[in-house]
Each structure stands twice: as C-alpha cells, then as structure tokens.
Amino acid sequence: YLFLKVLMEYEQGVDSPYFAWLNSLPRQWNTAVSMDTFCMSCLPPYIRGLCQTERDQCATFKEALQPFEYLSPDTKANDSLLTFAYNVVFTRSFPTDDGSGDTRIAPMADMLNHGYPDNASLMYDPQSMDAYVILKDNVEPGEPLTISYGQPANPSRFLATYGFLNETPATYCKILFTNPSQELIDVGYSPELMLFYTDGTVAQPVWDVLLYSRLEKRAELSHVAQAFYQAHMTGDEDTKNAIHAQYQRDTCNALLRHLNHIIIEIEDLKVKMYSIKDASNHPRLPLLTRHHDMVIETFKNVRGYVTNMNN
C-alpha cells in the first residue's frame with residue numbers, strides 16, 4: 001500500500017498535501033536496489049545475497065503495480081521513479097506496535113537517524129492516525145534524536161536496505177550453511193547471534209555452532225554431538241565447556257581457515273574495485289570500500305585473537 005501511495009501522491013505534484021515532503025527526499029541512494037551491476041559484482045557472498053534479495057523484492061513490487069489503474073502508464077513505465085518509491089518506503093517506514101505487521105511513514109519523523117543505543121522511539125495511534133516521537137531518556141539541547149532501525153550488529157544488512165554503514169562494535173561472522181539442521185539453529189545459528197567483535201573477541205554462539213556443525217557431520221562423533229546438544233538445551237555449561245576444551249584446536253583451525261578465506265576474498269574484491277578506470281561512474285564504490293575495510297579490520301583482529309588461543 002505505501003509503495004502505491006507514494007507513487008499516487010507523486011503523480012499529483014504540487015496538488016499533493018505531501019508535495020513538500022516528497023520534494024525534500026533524496027534522489028540518489030546507496031541501497032541494494034540502486035547499485036549497478038559492477039558494484040554488485042564487488043560484493044562478497046553474504047552481502048551480495050542480502051542485496052539480491054532486496055533487488056528481487058523490488059522487481060516483484062514493480063511487476064505487481066502493472067494491473068493497477070490508479071497509476072498512469074508513464075508512471076508504471078518509469079523505472080527510476082519506481083525505484084525511488086521503493087527506496088522511500090523501505091528506508092523511511094516503521095512497523096506499528098499493534099501486532100498487525102503493518103508499517104507506516106510519518107513525514108518529518110522519518111528524518112530521524114539510526115542510533116544504537118537510541119534515545120527515542122516512534123509510536124502510532126490507529127485511532128487518531130497520529131505518530132508520536134517518544135523520548136527514552138533526557139535529551140540535551142542540540143542533541144540529535146535517534147531511533148533504532150534494528151539489527152545493530154549487522155552492518156551488511158544496513159548497507160543493503162538503508163544504504164549506509166552502521167558504526168557498530170560487532171559484525172556477523174559470515175559463516176554460512178545452505179541447509180542448516182534444526183539442531184544447528186537451536187545451538188545458535190543466526191546472524192544476530194554469531195558475531196565477531198571489533199576488539200577481536202568472538203561471540204559464544206560462533207564457537208557453539210562451529211563445533212556442533214563439525215561434530216554432527218561425523219558419524220563416529222554422533223554421541224558427542226548429542227551430548228553437546230543436550231548440554232546446550234539444558235544449560236549444562238560444564239559439559240559444554242568440557243567438549244569445547246577437547247576439540248578447541250580443531251575448532252580454532254576451522255575458524256582460522258574461514259577467517260583467511262574471507263579476508264583474501266574481500267581483498268581480491270578491493271583490487272577489482274581499484275582497477276576500474278572511471279570510478280565516477282560508480283558513486284557507491286567509496287561506501288563499499290569502507291564496508292570492505294571494516295570487515296577486513298575486524299576479521300584480522302579476530303584472526304589474531306584466535307591464533308593466540310590456538311598457541
């Protein structure tokens with residue numbers, strides 16, 4: 001609905017009550033749906049997958065518009081305008097807190113930047129159809145109001161959806177499983193949990209998932225895998241820690257191989273980015289470079305930490 005609403009108001013031009021707001025919005029975006037083919041080719045698998053999901057969803061939205069008679073043929077054929085509307089909806093809307101799953105855009109309140117921790121939240125009143133900015137803490141004069149856009153430890157998600165880098169003390173470890181077992185998910189396989197911290201430390205779910213994924217593949221260790229799983233599910237930390245200690249070197253070596261693979265992969269992508277002759281045709285490359293540098297720095301810090309553990 002919001003996608004259609006933005007386009008209908010855009011068609012009205014100065015006659016739309018939202019004209020001033022629409023006219024104030026950016027026309028250049030760094031989101032996944034705005035990236036060109038070359039930029040997409042410079043992304044490592046995890047963020048490329050996130051970006052492709054966004055692009056596929058945008059294409060579905062554009063296709064779904066075609067039967068609607070509310071919009072002119074010119075609007076439905078204007079791909080850049082449709083991309084603009086998609087970006088407006090998915091970077092400036094917020095979910096309602098009534099459990100309906102609906103989202104709203106509150107002009108002016110949509111200008112609030114992301115912050116973690118944030119100092120404000122948005123509340124929607126379905127009776128009055130008003131939106132309110134509710135402060136969580138005392139705010140000093142001149143201090144910006146911020147809200148949380150969600151997933152503060154996943155800068156790749158922020159880049160794909162919102163087109164900016166979220167300064168964060170942690171990032172997803174980028175360990176991917178195509179068809180994870182339910183047991184692996186129970187142990188902690190989730191981007192929100194499997195984190196590398198910028199100081200080099202590793203979140204516990206990374207160790208748990210990496211160890212269990214190796215144990216469950218080996219039939220002769222199925223009894224160890226079962227013992228580890230049961231210990232995790234029942235909160236038996238002593239048993240978990242004992243199994244971790246027994247297989248620490250194997251787990252550390254597996255993690256080091258993953259770290260080295262990702263670092264080399266991203267460094268190769270940076271070489272490709274620097275090789276482009278006319279970077280001005282790809283204005284999003286500086287942002288991608290910052291993303292890649294941030295990942296490499298964090299992964300190298302983690303590599304140093306794990307190497308010390310393994311010695």
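The values are calculated or read from the model by the stated rules, or taken from the named source; none is laboratory data. As the structure is a computational prediction, the values presented were derived from the model and not from experiment. Heads up, the Cβs are rebuilt from the backbone with ideal geometry, glycines too, and the neighbour counts pull from every protein chain shown. These accessible areas exclude ligands, DNA and RNA; they are computed on the full protein's heavy atoms, side chains included. Shrake-Rupley method; radii C 1.70, N 1.55, O 1.52, S 1.80 Å.
Summed over the residues of the chain and divided among them, the accessible surface reaches 53 Å² per residue at a probe radius of 1.4 Å. Segment 150-216 and segment 258-311 have their alpha-carbon centroids 17 Å apart. Compute the Cα gyration tensor for segment 64-205, then decide on rounded, prolate or oblate, letting a ≥ b ≥ c be the square roots of its eigenvalues: rounded whenever a/c is under 1.5, prolate when a/b is larger than b/c in the other cases, and oblate in all that remain. Oblate, because a/c is 1.5 or more while a/b does not exceed b/c. Projecting the Cα atoms of Pro144, Met108, Cys58 onto the charge dipole of segment 20-151, computed from C-beta unit charges around the Cα centre, puts Cys58 farthest toward the positive end.
Between Tyr116 and Lys76, full extension at 0.36 nm per residue minus the direct alpha carbon distance yields a gain of 10.6 nm. What you get for segment 84-210, charging only the Cβ of Lys and Arg (+1) and of Asp and Glu (-1), is a dipole of about 440 debye around the Cα centre. In order along segment 62-72, the phi-based Karplus estimate (6.51 cos²θ - 1.76 cosθ + 1.60, θ = phi - 60°) of 3J(HN,Hα) comes to 4, 5, 5, 6, 4, x, 6, 8, 5, 10, 6 Hz; Gly and Pro are listed as x. Could you pull out the pairs from Lys270/Lys300; Lys174/Lys217; Lys62/Lys272; Lys174/Lys300; Lys5/Lys76; Lys174/Lys272 whose alpha carbons sit more than 23 Å apart here? Beyond 23 Å between Cα atoms: Lys62/Lys272. Each of the peptides 165-175, 100-110 was scored by the mean count of other Cβ atoms within 10 Å over its residues; in descending order, highest first, they stand as 165-175, 100-110.
If you average 1/r over every pair of different alpha-carbon atoms in segment 114-272 and take one over that average, what Kirkwood value in Å do you get? Mean inverse Cα-Cα distance, inverted, gives 18.7 Å. Sparsely packed loop sites in segment 174-271 (the chymotrypsin sites (Phe, Trp or Tyr not before Pro) outside DSSP H, G, I, E and B with at most 11 other Cβ atoms within 10 Å) comprise Phe177.
Compactness of segment 69-132 was expressed as the Cα radius of gyration divided by 2.2 N^0.38 Å, which yields 1.39. Comparing Asn119, Asn241, Asn87, which has the greatest mean-square fluctuation in the GNM of the chain with Cα pairs linked when under 10 Å apart? Sorting by GNM fluctuation, first place goes to Asn241. Residue by residue, segment 135-145 carries 3J(HN,Hα) couplings of 7, 8, 9, 5, 10, 6, x, x, 7, x, 8 Hz when phi is fed to the Karplus relation 6.51 cos²θ - 1.76 cosθ + 1.60 (θ = phi - 60°); x denotes Gly or Pro. Would you look at the GNM of the chain, springs on alpha carbons closer than 10 Å, and say which of Leu112, Leu25, Leu256 moves the most? Evaluated over the chain, the most mobile residue of the options is Leu25. In segment 188-292, the portion of solvent-accessible area held by carbon and sulfur atoms comes to 53 percent [1.4 Å probe, whole percent, DNA, RNA and ligands not counted]. Expressed as a whole percent, the accessible surface of segment 4-108 that belongs to carbon and sulfur atoms is 53, based on a 1.4 Å probe.
Which of these, Thr178, Thr75, Thr161, has the largest mean-square fluctuation under a Gaussian network model of the chain (Cα springs below 10 Å)? Result: Thr178 has the largest fluctuation of those listed. If contacts are Cα pairs under 8 angstrom and at least 6 residues apart, what is the relative contact order of the chain in percent? So the answer I get is 17 percent. Annotation: Cα Rg of the chain relative to the compact-globule expectation 2.2 N^0.38 Å equals 1.18.
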